[in-house]
Amino acid sequence: MNQAIQPGMAVEECVAWLKRLHTLFRDLHLILVGRITSEPCFELKTAFSLHAWLCAEQATALRNRVSELREPPLGLDLPPEPGLAWALDELRAAPGTALFCTALYGAVLPTLRQSLVSYCAVSQPLADAPSLRLVRHALLDLDDMLDFGRRLLLGWEQLAPPPCDPSLASTWTGELQQAFSASGLLAGTHRPPGADPSPDSTIARQPPLPARRFSQTPWQFDPLPRRDARFRDPYNGGVNPEAFLYDPAFLARDKTLMLFYKRLREIDVPEMMASILVESRDKPWEFLHAMTRQLWDEARHSLMGQVGFVALGIDWTQIPVNFTWSLNLNTQLTAQERHAVLFFIEQGLMPRTGKRFEWEVAQQSGVPLAATFQDFDWADEVLHAQIGREWYVTDFPDLNHALAYGDRCWSRVMSHWREYLDQGLTQHHNWWPDVYRQACQVWNTPPDPGTLAFRENYSQLRADLKEFSSSD
Ligand SMILES: [Fe+2]
Ligand SMILES: [Fe+2]
């Protein structure tokens, strides 16, 4: 009652503050997405995917809340105000992963957290209860992100030399804080009773923004996928796991190796989807939100593959995890064509021979973790096919036209299998026998000679077992 009898912020003030929080979550989402493809470190690639989705979830919740607060026109898709724009442009343009993460996890997210905590402290708990619930939920997600960031930065502190210049990092993050204060983010626009009633008075009194350090030239998305040193031989197309998976001659237990490989390889999907999202940033927010959920799911599927190999006691870094799908799509197709290929592939996973088949194989395999992962992977893919029907198929007269276009786009993508070999980028080494032998040791069974002899590669067949129609 002591809290409830106090007056609080006006609706107008709440809306201004919530909008600022929304802008920050919305833009951080796309800043993180923009880093996924070119970030080599697997843990950061997947963390950026998760954190981008968490930001998208919070931005969506804030949009919905603002729309409840007597606020048409909403103005939620407007560019940020100058202070926030300055800070976000600088963060987006940060050169190098270490400087970016130092600013994001060491300054920007802590500032955002402080703003959320301040909001909870000053908004009227009864009158503004729906916003307060939302802000407290945002804090849960934010604290997960900050926990990850704290451990990351703590690990980097032990490194000599440090991964980025500490004095540059501290000067620059100070400038970011200055820009956030100028934007009024930290304290919203809340004024004690009797203060200057002009809504912009807090902002107007702030010092001018520092000179731009990294964002003088606009940031450019880098479409080339990069991987860390554990991902060796990324041009390798020496094993076709689909050919193994659909061959009834092989055991379900052995097929789990190909299932985990296929899951791990899915890190190429976020690498590709990031390029669609960045190029489609002016599309409706609902599109960006749905596609970001899918992007995180695909990163999660990749983590399932990694975890699956760890659970089996197999060193996954021995296996070449190919990146030519994201490389070729990002460099050969437009955003709409890439989306077409994605939808065509995911729709192809829906019939009995697709995700249900993978789940049945996993169930028969005697590897319970594979069954759990394939079960949820299947559920996720059903959701992705729905997202495709809502956001891609609607551009076509019907589903068949949409599918035919996706098939055509995929056929146009040059696999360059032969060129990679000729250029010495890979020998297309057949890695299957070594991995299979390692698994047989773990399972304490002798390798089956027929299974050991599997040597189907990607020279002729693409992943849906259709022939490439391109020259190679
Ligand atoms: Fe997937
Ligand atoms: Fe998917």
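Scanning the range 360-373 finds one or more residues that are within 11 Å of ligand 1 (Cβ to nearest atom) and not acidic (D, E).
Within the range 354-373, the set of residues being in a helix (DSSP H, G or I) and of a type in the set (G, A, S) comprises G354, A362, A370, A371.
So, of the residues in the range 151-171 that are in contact with a helix residue (DSSP H, G or I) (Cβ under 7 Å, 6 or more places away or on another chain) and assigned to a helix (DSSP H, G or I), which turns out to be farthest from R20 (Cα to Cα)? Break it down stepwise before answering.
First, pick out the residues of the range 151-171 that are in contact with a helix residue (DSSP H, G or I) (Cβ under 7 Å, 6 or more places away or on another chain): 152-153, 156, 162-164, 169.
Of the ones still in play, those that are also assigned to a helix (DSSP H, G or I) are 152-153, 156, 169.
Numbers: L152: 27, L153: 27, W156: 31, A169: 25 Å.
Checked the range 151-171; the qualifying residue farthest from R20 (Cα to Cα) is W156.
Let me confirm something: among D422, D375, which residue is out of contact with any Leu (no Cβ under 8 Å at 6 or more places or on another chain), over 19 Å from F244 (Cβ atoms) and within 16 Å of ligand 2 (Cβ to nearest atom)? Steps first, please.
Values: D422 fails: within 16 Å of ligand 2 (Cβ to nearest atom).
Checking each option against the conditions leaves just D375.
Looking only at residues of the range 114-151 that are polar (S, T, N, Q) and buried (at least 17 other Cβ atoms within 10 Å of the Cβ), we find that the one that is nearest to the chain's Cα centre (by Cα) is S115.
Conditions (1) assigned to a helix (DSSP H, G or I); (2) touching a Phe, Trp or Tyr at 6+ places or on another chain (Cβ under 7 Å); (3) away from ligand 1 (no atom under 16 Å from the Cβ), marked per residue:
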| residue | (1), (2), (3) |
| --- | --- |
| F376 | yes, no, no |
| R389 | yes, no, yes |
| H401 | yes, no, yes |
| R418 | yes, no, yes |
| H428 | no, no, yes |
| P433 | yes, no, yes |
| R437 | yes, no, yes |
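We did not get these values from a lab; they are worked out from the coordinates using the rules stated. On a predicted model such as this, the values are computed, not experimentally measured, just so you know. Here the Cβ is made from the backbone with ideal geometry for all residues, glycine too, and neighbour counts use every protein chain on show.
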